[in-house]
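Each remark here refers to the structure printed beneath this line.
The values are calculated or read from the model by the stated rules, or taken from the named source; none is laboratory data. Everything numeric here is computed off the predicted structure, so don't read it as measured data. Because the Cβ atoms are built from the backbone with ideal geometry, glycine has one as well, and the counts that use them run over all protein chains shown.
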Amino acid sequence: MDTLWGMFKRILVLLAAAAVGIAAYEGSMRLAASFSLFPNRDLDRSSNYVREVLKIVHENYVDGDASKYDALARLSIHGMVESLDPHSEFLESKDNEELEEDLDGEYGGIGVEVEMRKGVFTVVEPIPGSPGDRAGIVLGDQIVSIDGKSVLQGTPMDAVVNRLRGKPRTHVKVELVRPANGRHLNLDLVREVIKVVSVRGAKVIDGNTGYIQIREFSDHTGEQFIDALNGLLKRGVDSLVIDLRNNPGGLLEAAVAVAEPFFNKDELIVYTQGRSSEDRENYLSETEGSPLAIPVAVLINGDTASAAEIVAGALKDAGRAVIVGERSYGKGSVQSIFKLKNGEGLRLTTAHYFTPSGVMIHGKGVSPHVEVVLSTEDDRKIESQLSRPDVTDPTDFSERFGFRPIGDRQLEAALDVLRVSRLIER
């Protein structure tokens with residue numbers, strides 16, 4: 001009996017120890033999982049599958065140079081990210097650098113804007129104070145060569161711009177010809193940091209109405225807009241047109257800075273919402289004092305997108321402006337930039353933005369109060385006219401652009417709205 005009882009006790013001890021061991025193992029596994037001490041099994045399975053396919057392609061594809069692991073990896077990343085939506089993308093180093101320049105609103109260059117005119121790359125505007133301006137480059141000068149290489153007819157515009165741009169404090173040799181007198185200029189210029197002017201055309205029209213065009217939203221757009229607005233207010237304007245047509249957007253923060261003067265302090269301008277309920281971020285006005293209280297009309301069209309839609313949507317939602325034109329593009333998603341190694345990056349959609357009342361713009365756009373639809377051809381002509389306000393002679397304009405200036409029906413409708421608003425206020 002004692003032997004049987006002793007054996008039974010030993011079995012009970014072993015079972016208890018096993019139970020404690022199992023419980024401890026399960027607890028440690030749960031703890032390890034909560035602290036990510038073990039790899040994610042789904043991630044492991046998926047990455048192993050991708051690795052298997054990469055290996056098959058690398059070893060068997062007919063073109064060995066095209067199937068090197070590095071090239072295949074980049075192609076895989078492009079496909080993975082860019083199949084998610086039209087706005088997410090994998091940015092290789094050159095593309096990533098260009099994006100940073102666009103968002104910074106700065107680039108290294110000589111500070112001249114160029115357009116193709118009758119097959120010749122022609123200077124349309126030297127930026128005041130830039131290396132090109134100081135060297136004496138003027139409107140109408142034609143670019144013959146860059147760093148000793150001829151600029152041939154048919155060369156893509158991007159190729160010419162990229163050759164003029166470069167790191168600040170580097171040299172670029174530019175040969176130009178001045179058609180007015182046939183004079184050749186051979187200039188050795190030192191590139192500098194050039195600020196992009198995204199706010200243009202600030203002027204007084206129709207008696208006492210201010211007009212401001214915003215072409216994009218970059219780091220400096222907010223301050224440029226405030227400067228232009230203050231300049232117009234000093235001239236005594238009593239109403240305002242903000243032209244956001246053909247504006248592709250840009251930085252969310254820049255859009256908030258443009259909208260701020262029309263909102264009370266701490267008033268909601270826009271909010272973003274990510275995949276979880278905790279991923280909401282509110283953007284509030286930081287304006288001190290009373291908001292600007294003059295009639296405002298905002299011009300939009302089908303190419304008004306992203307940050308430009310934030311401004312239009314916020315002003316419409318809060319009743320601070322009348323929206324005139326056509327329904328906007330409907331790009332209401334937020335892209336976050338993730339830095340990768342080797343100067344590369346990832347632009348990934350991480351949230352959508354909403355107007356103060358909770359209206360989502362993505363896929364819907366901002367609808368105008370006053371709809372004025374232009375044909376595609378008229379849209380193109382108006383865009384050309386807005387880009388070259390310096391060409392005021394209709395005959396000269398026709399020779400350069402191939403059409404005579406047309407009336408801007410959307411702007412006229414906005415001015416009609418503001419005239420009525422001013423009459424009502426009186």
Please pick out the residue among GLU115, GLU98 that is in a helix (DSSP H, G or I) and surrounded by 11 or more Cβ atoms within 10 Å (Cβ to Cβ).
GLU98
When you go through GLU115, GLU59, GLU97, GLU125 one by one, which is the residue that is among the charged types (D, E, K, R) and touching a Gly at 6+ places or on another chain (Cβ under 8 Å)?
GLU97
Pick out the one residue from ARG409, ARG404 that is over 30 Å from VAL120 (Cα atoms) and not aromatic (Phe, Trp, Tyr).
ARG409
Among the candidates LEU176, LEU229, LEU187, LEU240, which residue alone is surrounded by 15 or more Cβ atoms within 10 Å (Cβ to Cβ), in a helix (DSSP H, G or I) and either of a type outside the set (Phe, Trp, Tyr) or touching a residue at least 24 places away in the same chain (Cβ under 8 Å) (or both)?
LEU229
For segment 244-256, how many residues meet the condition of being without any contact (Cβ under 8 Å) to a residue 60 or more places away in the chain and surrounded by fewer than 21 Cβ atoms within 10 Å (Cβ to Cβ)?
1
Index of the failed condition, VAL114 passing every other in (1) more than 15 Å from GLY345 (Cβ to Cβ); (2) outside the structural domain of ASP141 (by TED's automatic domain parsing)
(2)
Given the condition surrounded by 18 or more Cβ atoms within 10 Å (Cβ to Cβ), β-branched (Val, Ile, Thr), in a loop (DSSP other than H, G, I, E, B) and within 22 Å of the chain's Cα centre (by Cα), answer yes or no: does some residue in segment 304-319 qualify?
yes
Take the residues in segment 373-397 that are assigned to a loop (DSSP other than H, G, I, E, B) and over 26 Å from the mean Cα position of the chain (by Cα), then tell me which one is nearest to ALA202 (Cα to Cα).
ASP390
Taking segment 69-95 only, how many residues are of a type in the set (Asp, Glu), touching a helix residue (DSSP H, G or I) at 6+ places or on another chain (Cβ under 8 Å) and either more than 27 Å from VAL334 (Cβ to Cβ) or in a helix (DSSP H, G or I) (or both)?
0
Name the one entry in ASP133, ASP85 that is of a type outside the set (A, V, I, L, M, F, W, C), without any contact (Cβ under 8 Å) to a residue 40 or more places away in the chain, over 24 Å from SER150 (Cβ atoms) and surrounded by fewer than 17 Cβ atoms within 10 Å (Cβ to Cβ).
ASP133
Sole miss for SER198 among (1) in contact with a strand residue (DSSP E or B) (Cβ under 8 Å, 6 or more places away or on another chain); (2) without any contact (Cβ under 8 Å) to a residue 40 or more places away in the chain; (3) closer than 24 Å to LEU99 by Cα; (4) of a type in the set (Gly, Ala, Ser) is condition (2)
Cβ pairs under 7 Å, 6+ apart or interchain, first in segment 264-281 and within 16 Å of ASP317 (Cβ to Cβ), second polar (S, T, N, Q), ordered by first then second residue, are ASN264/SER285; GLU267/SER285; LEU268/ASN282; ILE269/SER285; VAL270/THR355; TYR271/ASN282
Selection count where residues are out of contact with any Leu (no Cβ under 9 Å at 6 or more places or on another chain), among the hydroxyl-bearing types (Ser, Thr, Tyr) and over 17 Å from VAL258 (Cα atoms), scope segment 270-284:
2
Filter segment 141-173 for residues that are part of a loop (DSSP other than H, G, I, E, B) and of a type in the set (A, V, I, L, M, F, W, C); which is nearest to ASP95 (Cα to Cα)?
VAL151
